[in-house]
Amino acid sequence: MSSTPVDGAADACVVGRPGVGKTLFVLRFAQWSGQRRLLVRQESPGSSGGWVEVDLATAVERLVGTSTPTTRALQHVEVPWRQGKRTLRLRLLDTVGLTDAIHPDPLLRRAMAETLTAVMESLVVLHVLDGPRIAQRPARLLDEDDVDVQISRYGQRRGRYAVLVNKLDRPGGRAGLEAVRRAWPQRIVLGISALEGWGFASVRRFLQRRL
Ligand SMILES: Nc1nc2c(ncn2[C@@H]2O[C@H](COP(=O)(O)OP(=O)(O)OP(=O)(O)O)[C@@H](O)[C@H]2O)c(=O)[nH]1
Ligand SMILES: [Mg+2]
């Protein structure tokens, strides 16, 4: 963790399929950690971009999607982090949703490749799943070809990895969480609602132990 914004590797990257709530989680977690205004750096494929300060409402309005894929390039967010009397900055990386199929848009394909590199370079990986969607088709969690199964297998091997089952505020969310815990008993699985801020204290504890 650093005390000033730097452009190096992220402390924790947030990864998962499109539309699972990666961006909303990053923004709400920053807010929950005490941040009113956010420092955001948006990369475009091949360029690192500059830091921009935005208020949370604007960030949510601009960056959280109604039609996926919304995040089309890596997005860095600085989160204040109290350690004793010092405030450090946690560097969170919001990534481009990963899909099973090869995407027809070359820019998105490139952004997905950059996402994979960023995952390998980050200290911690937070893998977000959509709880209600999992509840509809839990067998997917055992399908070797499924992108979530592949991320999860990689994460488990590398360590410093947790699964965040999101959208617990929605019907089916809790059933999705139980399905993930049953299918992946060896993983650290935390239930969250990015919308409501549920489970954020557990995510913070997980990060504190591993950073
Ligand atoms: N009810 C509910 N909706 C959520 C939650 N988290 C995200 N959403 C909604 O899910 C949709 C997608 O959220 P995003 O944060 O843009 O998802 P993403 O994973 O960043 O999507 P991409 O950038 O396309 O990969 C938006 O409409 C959010 O408002 C949650 O915890 N509860
Ligand atoms: Mg996004």
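The values are calculated or read from the model by the stated rules, or taken from the named source; none is laboratory data. Keep in mind that this is a model prediction, so the values were computed, not measured. Note that we place each Cβ from the backbone using ideal geometry, even for glycine, and neighbour counts take in every protein chain shown. Side chains included, ligands, DNA and RNA excluded: accessible areas come from the protein's heavy atoms. Shrake-Rupley method; radii C 1.70, N 1.55, O 1.52, S 1.80 Å.
What number comes out for the charge environment of Leu24, summing +1 per Lys or Arg and -1 per Asp or Glu over other residues with Cβ under 11 Å away?
After counting each charged neighbour, the total is +1.
What per residue convex hull volume, in Å³, comes out for the chain when only alpha-carbon positions are used?
Spread over its residues, the Cα hull of the chain gives 112 Å³ apiece.
Along segment 32-38, what does the Karplus equation 6.51 cos²θ - 1.76 cosθ + 1.60 (θ = phi - 60°) give for ³J(HN,Hα), rounded to whole Hz, x for Gly and Pro?
3J(HN,Hα) across segment 32-38, in whole Hz: 4, 7, x, 9, 8, 10, 10.
Given a 1.4 angstrom probe, what's the average accessible area per residue across segment 12-210, in square angstrom?
That works out to 49 Å² per residue.
Can you compute the charge dipole magnitude of the chain about its Cα centre, using +1 on each Lys and Arg Cβ and -1 on each Asp and Glu Cβ, nothing else charged? Give it in debye, rounded to the nearest 20.
Dipole size: approximately 840 debye.
Tell me the volume per residue, in Å³, of the convex hull enclosing the alpha carbons of segment 65-154.
It comes to 139 Å³ per residue, whole-number rounded.
Before anything else, pin down the relative contact order of the chain: Cα pairs under 8 Å, at least 6 apart, normalised by residue count, whole percent.
For the chain, the relative contact order is 24 percent.
Quick one: pull the percent of accessible area on segment 12-210 belonging to carbon and sulfur, 1.4 Å probe, ligands and nucleic acids left out.
Taking all protein chains in place, segment 12-210 shows 49 percent carbon and sulfur surface.
Taking the Cβ of Glu114 as the center, what net charge do the other residues with Cβ under 12 Å away carry, scoring Lys and Arg +1 and Asp and Glu -1?
+1
What's the long-distance tail for segment 111-186, i.e. % of Cα pairs beyond 14 Å?
For segment 111-186, the share of Cα pairs beyond 14 Å comes to 61 percent.
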